[in-house]
């Protein structure tokens, strides 16, 4: 027979999880994604936002270099670009010197969508970092960037 009170309470999270950095990163990522959907845009994913941001900063660059700039593999980038193009936010043009290269440009609607999402994303980022004072925020971003760079380098080695 199952104890009814045991099934009604939440289980204790084992220390093996709470002390695991990967577990804490996943928890933060899940919470941030849920907040993103509510606060920024329920139809614009993080990778799509990153691509729009990169294309806005460097219009006319090719899809492959944009993939590298926003830390996406080329097949994911192709899918993201296709989806953004189908939504009328991005235009892909074939490069004159190489028919295999796709050059990326924002549409007017893409620029508007990015502007609106960017304003809300900055507010969400402020909320994310709000438990920390400005010096701690800078240190956190430094450590987070360093860790991401390290793990991206490890991924390239394997």
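The values are calculated or read from the model by the stated rules, or taken from the named source; none is laboratory data. Because the structure is predicted, anything quoted here is derived from the model rather than measured. Methodologically, a virtual Cβ is constructed for each residue, glycine included, from the backbone with ideal geometry; neighbour enumeration extends over all protein chains shown.
A few comments on the model shown:
- Among the candidates 145, 94, residue that is touching a strand residue (DSSP E or B) at 6+ places or on another chain (Cβ under 9 Å) and surrounded by fewer than 13 Cβ atoms within 10 Å (Cβ to Cβ): 94
- Pairs linking a residue in the stretch 24-45 that is more than 14 Å from residue 117 (Cβ to Cβ) to a residue that is part of a helix (DSSP H, G or I), with Cβ atoms under 6 Å and 6 or more positions apart or on different chains, do not occur.
- Screening residue 88 against (1) in contact with a helix residue (DSSP H, G or I) (Cβ under 8 Å, 6 or more places away or on another chain); (2) surrounded by 13 or more Cβ atoms within 10 Å (Cβ to Cβ); (3) free of Cβ contacts under 8 Å to residues at least 24 places away in the same chain leaves a single unmet condition, (2).
- Of residues in the stretch 113-136 being assigned to a helix (DSSP H, G or I) and over 19 Å from the mean Cα position of the chain (by Cα), the one surrounded by the most Cβ atoms within 10 Å (Cβ to Cβ): 136
- Lone qualifier among 99, 60 - being over 27 Å from residue 140 (Cβ atoms) and out of contact with any strand residue (DSSP E or B) (no Cβ under 7 Å at 6 or more places or on another chain): 99
- The C-beta contact set for the stretch 48-76 (first residue at negative phi and surrounded by 16 or more Cβ atoms within 10 Å (Cβ to Cβ), second residue modelled with pLDDT of 95 or more and part of a loop (DSSP other than H, G, I, E, B), distance under 6 angstrom, 6+ apart or interchain) comprises 50/70; 51/70; 54/70.
- Helices (runs of 4 or more DSSP H) completely within the stretch 1-66 that count 1 or more residues being modelled with pLDDT of 95 or more: 21-39, 46-57
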